[in-house]
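To start, the structure itself, in structure tokens.
Every number in this text was worked out from the coordinates using simple rules, so none of it is lab data. Just so you know, these numbers come straight off a predicted model, no measurement behind them. Neighbour counts run over all protein chains shown; Cβ positions are idealised from the backbone, glycine included.
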Amino acid sequence: MGREWESGLGMQLDAAVGRLAEAFAGIFSRETIERCLVETQGGWEDAKVTTFVPVLVERFAKERLTAAAQAEGSIMKDVPEVLFVCVHNAGRSQMAAALLDRHAGGRVHVRSAGSTPADEIHPAVVQAMSELGLDLSKEFPKPLTDEYVRAADVVVTMGCGDACPVYPGKRYVDWDLPDPAGKSLEEVREIRDEIDRRVRGLLDELGANV
């Protein structure tokens, strides 16, 4: 398993499997949940920050299982699902998800992911969002998974190109926005404000369904 999840399945993995098995009782078997955790943990094999890897793995595995259950119809969606995708899930998609979540007020469920996730969210992005009272310091870049796309009603891409799988019956939107990586705080603020404008417009478009 590697790092903090070594020694076979390990106590931490056993505990995580138990918690998720209870949460998804009647939907997924323990074997499926265990496989999802192991696969998810593999995404953090080379993570620079490893202190909370087991916590992040369990959080993301739960999101993956929820998305898979939604896509299969085992868990019904009460509100539309919007997925924001950029290359690193360290800037644009994180800002868009946080902004839509705030403006929607529970009328839309939001996820974000990256085709090649970074190790952390850009510090300037965290700072720019904190100016609006949105705390991204506890968020982390997440890989784009098939479950996320299948569960989404609207997929908004921000530069991931053909990395995002296409499924019939879903709405795909591409926002051509600059990557905030390496940009000054002032430039990141401009990107943030443009994302905010587009997010408000998307919410208006979804108005009939939310």
**Request:** Rounded to the nearest 0.05, what FRET efficiency do ILE75 and LEU132 give with R0 = 35 Å and r taken as the Cβ-Cβ distance? Could you check?
**Result:** 0.65
**Fill in**
When MET129, MET95, MET158 are arranged by how many other beta-carbons sit within 10 Å of their Cβ, fewest first, they go MET129, MET158, MET95
**Request:** Report the full-extension gain for the segment VAL55 to ARG107: residue separation times 0.36 nm, less the Cα-Cα distance, to one decimal in nm.
**Result:** 16.0 nm
**Request:** List the lysines whose Cα lies under 19 Å from the Cα of LYS62, skipping any in the same chain that are fewer than 8 positions away.
**Result:** LYS77, LYS138, LYS142
**Message:** Rounding to the nearest 10 and keeping the result within 0 to 90°, find how far the Cα-based axis of helix 92-104 lies from the longest principal axis of the chain.
**Reply:** 80
**Message:** Need the full-extension length gain, ALA23 to GLU194, defined as separation in residues times 0.36 nm minus the C-alpha distance. One decimal, nm.
**Reply:** 57.7 nm
**Prompt:** What longest range of the chain stays clear of loop-exposed GluC sites (Glu not before Pro) (DSSP non-H/G/I/E/B, at most 13 other C-beta within 10 angstrom)?
**Reply:** 46-130
**Fill in**
To the nearest 20 debye, the chain has a Cα-centred charge dipole, built from +1 on Lys and Arg Cβ and -1 on Asp and Glu Cβ, of 380
**Asked** Hey, fewest Cβ within 10 Å first, where do ARG35, ARG189 land in order?
**Response** ARG35, ARG189
**Prompt:** What's the angle, to the nearest 10 degrees (0 to 90), between helix 185-205's Cα axis and the longest principal axis of the chain?
**Reply:** 80
**Item:** region 149-210-region 101-144 distance, computed between alpha-carbon centres (Å)
**Value:** 12
**Complete:** If amide H atoms are modeled at 1.01 Å from N in the peptide plane, then the residues at a separation of 5 or more from ASP174, or on another chain, having amide H under 5 Å from its own are THR157
**Message:** If I fit a long axis through the Cα atoms of helix 30-42 and take the longest principal axis of the Cα atoms of the chain, what angle between them do I get, 0 to 90°, rounded to 10?
**Reply:** 60
**Message:** Can you tell me, using C-alpha contacts under 8 Å and at least 6 residues apart, the relative contact order of the chain as a whole percent?
**Reply:** 20
**Message:** 5 Å is the cut-off here: which amide hydrogens, built 1.01 Å from N in the peptide plane, fall below it relative to SER112, excluding neighbours closer than 5 in sequence?
**Reply:** PHE84
